[in-house]
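The values are calculated or read from the model by the stated rules, or taken from the named source; none is laboratory data. If you're wondering where the values come from, they're calculated on a predicted model, not measured in any experiment. As a convention, Cβ positions derive from the backbone with ideal geometry for all residues, glycine included, and neighbour counts pool all protein chains shown.
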Amino acid sequence: MKKLLCIILLICTFALLTACGEKTPEAVDEGFKPALDTETECKITVAGSYDNFEALEAEFDRFNEFYPNVQLSYVKLDDYSNMLGTVLGSNDKPNIFFSYTWMIGNDQYKTVVDHMEDLSDSALGLDLSCIRPGLINHDAQDRVMLAPVFSRTYGMLVNNDLFEKEGLSIPATWTELMKVCEEFRSKGYSSPMMGYSLKSSSSFMNTVAYPLFTATLSENPDALSKANKLDPSAGEYMRPALETVEKLMQNNCIDLNECDKIEDNYTKVILRFFEGDVPMMICTADTVSGTKKRESQSEAFTKTPFNYTFAPIPLTEEGSYFIDSPSIEFSVNKDCDNLDMTNEFMRFLITKDELNQMASVKRLVTPTSDLSLDSVYAPFGQVPAERIISPEELGITDQLTVQIRVAAFQVARGEITIDEAVKKYGSFE
Amino acid sequence: MKKTWIIIVNVVIIVALLTFVFFYSHFENTNTTQRQIEHFENTTITMEHVTENYLEGEQRICDVWARYINSRDMTIEEAISFIRISHVLPNASAHIVYRDTLSGLSTRARSDDPDEYSVSYARTGLLNDLNWIDGIGESINISRAFTNPVNGEQSIAFCNSVSVHDPETNELKDAVLLRVLPLSELEEKWVFPHEEFENAELSMIDEDGDYIIKGHSFKNSSFFEFYRSYNAADPAFTNELFEKITSLTGSLFMVNSRGEECILAYTPVEASGGWTLLNLMPMKDLNVSTQNWLLIGYVSAGLLILLVFDTAVMLYYNKKLQAAAAEAAAANKAKTDFLSTMSHDIRTPMNAIIGLTTIAEKNIDDTESVGENLKKISMASNHLLTLINDILDISKVESGKLNLSPLTFSIVETVENLVNLSQPMIKEKNIDFNFRIGKMEREYLYADQLRLNQIYINILSNAIKYTEPGGRVSVDMREEESDKPGCIRLIYTVSDTGMGMTPEFMATMYQPFSRQTDSRVNSIQGTGLGLAITKQMVDLMDGTIDCQSELGKGTTFTVTLDLPVADRQREDMVLDPMDVLIVDDDEILLQTAVDTLESLGLNADSSRSGIEAIGMIKHRHEVGRDYGIVILDWKMPDLDGVETIRRIRTEVGENIPILLISAYDWSEIEDVAKDAGANGFVSKPLFRSKLYDKINALLGTEAKSVEPENDYSDLQGLNILIAEDNDINWEIISAMLGMFGITTERAENGRICVDKMANAKQGDYTLIFMDIQMPEMNGLDATRNIRKLEDPWASSIPIIAMTADAFSENVTECLQAGMNGHIAKPIDIKLVIKEIRRIKEERS
């Protein structure tokens, strides 16, 4: 008894004493080994168009566990696309900046591209193999100037509890989608599907039309070539996509008036969905990334939370498409200060673990090869491999995306007919 | 209380103390933290004042420009030229932008085109809403951080509304004047004083929470977005937080992007329209001492050590208490056993005394039977006396009141007494007894003779007692040099061939009331106190006692004492040179005796048998060199001492003086030895002084050498005053002394005794035997009064205490009162006679 008491006392005292000690910082990533002096003091700036980039700021903190004296910051640039070239040449030039595939080969962004470092240079030690090959853009010299950090896809937020409440199943085919919309309408839901509709950029029209148009082009390499060249004859390839958009409108799946009440393509879309009376909200994964944080900002959702997922829209009888394209990509300003440390940060960031971690925080689709998806993206895991389309691999250009985006927007709003839109291919701006 | 409970109570106390320390530390920490937070808030407010002054200064410059432009009806080019001239800051610039087109001119050229000064804010969104720009001088009109469209630098701008002349319409056109400062420059200047709070960072937010100036630790584009990202907050709380931060001064706790708890101080920037200064710092950087944790650690460790120490001490004392309790229980049992034994042991001799007295009374006419009974009664009485003495001694030992009363005494007398006392038992058991004396230079020592005797007698009597008849007991005494100055080391060794002791008994043999349980022991009378008393006395005299024993083979006790040498010693003992023959079969004794004789100045030859001695004596006689004295041991193999004397007398003649040595009482052989031709007797051990005296006496008065032991004529006519209140005691002593022809007078108490002496004439009394405890006046006071008498004879009369107060301190007390000696009751008449003779000799 006495021995037991002594042992308990000793353990308690030891526990008390050890409780006074400080917690040992956890190793962030056992795989990452600092290559530079960890006491280095410098500043690294990442410039981008996001208002907030918490996921990246979390990575800054993780990187600081290796390099505590490196001050990393994210700065949002006003008028990003136009100002980027000027900023890269200024005294305030960032070390890393958001970049997009469409900048490559675009004369307007030649100065921007000129600042980009070739990330495939083996001397940098970046593990680009952790990224899905379809997301990586290789230029004519087979250089990699952009490293994808998030993947974008198109689909719809589904209120699963509402489907369950109304005794309906999530549609997997076009017919099922039409049927579900009809059922919802009959139950009093004026607009079973909704989305942002005020501007063509990020509008639900594009979200519906772009995957179909891309799928059509993927089946016809000649058509893709024409489309990329903005050949008007390629307008015909838009027809299936535009007809689908029109059918959604004509079948009253979407009430445009209701959609027009959504003032922006991000926060308002999410908050509208969180009202809880929208079975399906059409949007991109970029919008989905803001859902987690806004759950607490929505009084309706806080009051009556529900289960939701982001699913591909079943636009054909065969099911849906998973359009796997880069959302945000990082380029390194090769003329920046502290280039070594900048590359060291990129070496730290472009790893499967860190990209997955960042995608998880941001609630976006990871660009890494293991496609580690957040639970909200679970339905995309069921899309068969043959229906996953990578616009990067196909070589779809930005001008092409503008055509389908504007055409679908105008057709849906009834501003032009499908035939007119087909004819105007190449002239949309 | 059980040990477990004691430990639990200890643990509870420790936990209570630790809890107190913890809460006290926590309280102190909270106070310190609160003070630090207040200081942090105050510093933030101070920083707000500094910021405000800075912003006002910058705004004032913009205001001056705006007033000037507005007062001069300038075109936009003229206004820009004016500003360019008055602008001195190298990194700053100014823009004037028309409100309608949001385009205008810059004081500095575009970075990518040195000739291009145009600027457009159409796509930045900064100037879409200009409601935040108040009138000139009314407030600080500062923009949020934005990307300077001219050079791409992140900047802020102090703004004012101006009117510039439009040459095309010839009218004034509304425009916005922006005094643009690079954010990097501002950040370098606008830092929180690090000496105050390291790692504190400032930000400024507008009325919507968007950052105007953003510190590194602040995340997102809006502070409230930042707060919500890392801190749980429902919409209601967020709204409340928004209201609080944008309108009040205070602080709150929040978690930053690294998961660290931080303190955020906020205060409105008074001069601006709804801006708030924020100051964020991790809590760990507050200067709150963490020593309290150390304190708790130290207190914990200290209390634990205390607990372990207390527990160890408690266990130690518990063990000791258990041992003491066991010892006490054993002692109690031993006492109970002892009382039982005592009861038996006292009743046994009492039974003998009472029974034999009854028989004697019945057979009063049968002289022989009465004599036999009285002899047995005497033996039983002596045993009873020993028993009582031992009980008294051990009670004194146990109460710690046993004190030593040192006196000058003769070790020779002590040894003689020892031998004499042991003689009856030795004879009775027919034990081969040897008492050897080694080198003994000093005769008179200074010690408590009574206790020394007790030690020696106890050990010797035990040896004799536990030795079977026919066995052997040897005593060796020798003197060695002592480490103590003025002392000699007296080593007394008694060896026997008795029953021996078991190791178990030897471990406890010095404890009182212990007796070896052995069937043979039960037949031996004893109190079980002798060794305990002996050990205590040896310890008291700073000596050592050692015991070697083997069961069935025998025991050897060795007592070593360092005793002071008395001042009084015998004068040089040297005899005229002559040849002496010493004969003994004991080699050791023989050698010792030769050494002793030679130290007396004699030439000593030795022989180990009577036959050899006769040969040597005859040879000497034939050559005409007879030995001056022959000293013969009585008991020798082949030819004993008496027979040897007889043959010497027959074969050599009567002229050679012969002394017969014996370790035994020679009274039984006295007549035979005298008849054989012995000239005298000397008892073992052969002390130097004893040999000196005997040889002197033999050579001087050979005829008187044999003292008549039963001649008491010298006592005839003595008259002794006996102070004794007890009638029986008076009767006994009176009768006993009467047997020796001594007359007595009685004084019933001390006062009568004093009166008698005061009235006595010189020579009326030879001495006084004084009882101590008497009514009216005790013996001590009576002695003191007698010593104060005027008559010198009366005041110097020898007074001998005769009392039952037999302890050494009683003896000392008597001597200090002025008495000349002490005899303990019950009295031994031999000792009484000896004491009378001693006194008589001293007086003569």
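Assorted remarks:
- Residue within segment B:239-250 that is buried (at least 17 other Cβ atoms within 10 Å of the Cβ), of a type in the set (G, A, S), assigned by TED's automatic domain parsing to the domain that holds B:T276 and without any contact (Cβ under 8 Å) to a residue 60 or more places away in the chain present: no
- Filtered residues of segment B:788-803 (kept if surrounded by fewer than 16 Cβ atoms within 10 Å (Cβ to Cβ) and either hydrophobic (A, V, I, L, M, F, W, C) or in contact with a helix residue (DSSP H, G or I) (Cβ under 6 Å, 6 or more places away or on another chain) (or both)): B:W793, B:S795
- Subset of segment B:468-495 [in contact (Cβ under 8 Å) with a residue 60 or more places away in the chain and either out of contact with any strand residue (DSSP E or B) (no Cβ under 8 Å at 6 or more places or on another chain) or within 22 Å of B:T386 (Cα to Cα) (or both)]: B:V494
- Note on segment A:54-85: residues that are under 26 Å from the mean Cα position of the chain (by Cα) and within 7 Å of chain B (Cβ to nearest Cβ) amount to 12.
- Condition check for A:P148: buried (at least 22 other Cβ atoms within 10 Å of the Cβ) and under 22 Å from the mean Cα position of the chain (by Cα): yes
- Of all residues in segment A:332-372, those satisfying the criterion of being touching a helix residue (DSSP H, G or I) at 6+ places or on another chain (Cβ under 6 Å), farther than 30 Å from A:D37 by Cβ and hydrophobic (A, V, I, L, M, F, W, C) are A:L364, A:V365.
- Restricting attention to segment B:714-726, the residues that are within 55 Å of the chain's Cα centre (by Cα) and not hydrophobic (A, V, I, L, M, F, W, C) total 3.
- Tally, over segment A:217-235, of residues that are of a type in the set (K, R) and either outside the structural domain of A:P391 (by TED's automatic domain parsing) or assigned to a helix (DSSP H, G or I) (or both): 1
- Conditions (1) assigned to a helix (DSSP H, G or I); (2) within 43 Å of the chain's Cα centre (by Cα); (3) not β-branched (V, I, T); number of the one not met by B:F409: (1)
- Those residues of segment B:783-813 which are among the small types (G, A, S) and either in contact with a Lys or Arg (Cβ under 8 Å, 6 or more places away or on another chain) or in a loop (DSSP other than H, G, I, E, B) (or both), in sequence order: B:S795, B:S796, B:A804, B:A806, B:S808
- Some residue of segment B:582-601 being touching a residue at least 24 places away in the same chain (Cβ under 8 Å), under 53 Å from the mean Cα position of the chain (by Cα), loosely packed, with under 15 Cβ neighbours inside 10 Å and not in a loop (DSSP other than H, G, I, E, B): yes
- Looking only at segment A:104-122, and only at residues there that are without any contact (Cβ under 8 Å) to a residue 24 or more places away in the chain and not small (G, A, S), the one that is farthest from the other protein chains (Cβ to nearest Cβ): A:D121
- The residues of segment B:668-690 that are under 60 Å from the mean Cα position of the chain (by Cα), outside any strand (DSSP E or B) and either at pLDDT 85 or above or of a type in the set (S, T, N, Q) (or both) amount to a single one, B:S689.
- Residue match in segment A:136-151 (condition: within 14 Å of chain B (Cβ to nearest Cβ), touching a helix residue (DSSP H, G or I) at 6+ places or on another chain (Cβ under 9 Å) and not in a loop (DSSP other than H, G, I, E, B)): no
- Count of segment A:86-98 residues, restricted to those that are within 7 Å of chain B (Cβ to nearest Cβ) and either in a loop (DSSP other than H, G, I, E, B) or surrounded by fewer than 22 Cβ atoms within 10 Å (Cβ to Cβ) (or both), is 4.
- For A:D51, the test of being facing chain B (nearest Cβ under 8 Å) and under 18 Å from the mean Cα position of the chain (by Cα) is passed.
- Which listed residue, of B:L639, B:L575, B:L660, B:L632, is in contact (Cβ under 8 Å) with a residue 12 or more places away in the chain, under 27 Å from B:K427 (Cβ atoms) and assigned to a loop (DSSP other than H, G, I, E, B): B:L639
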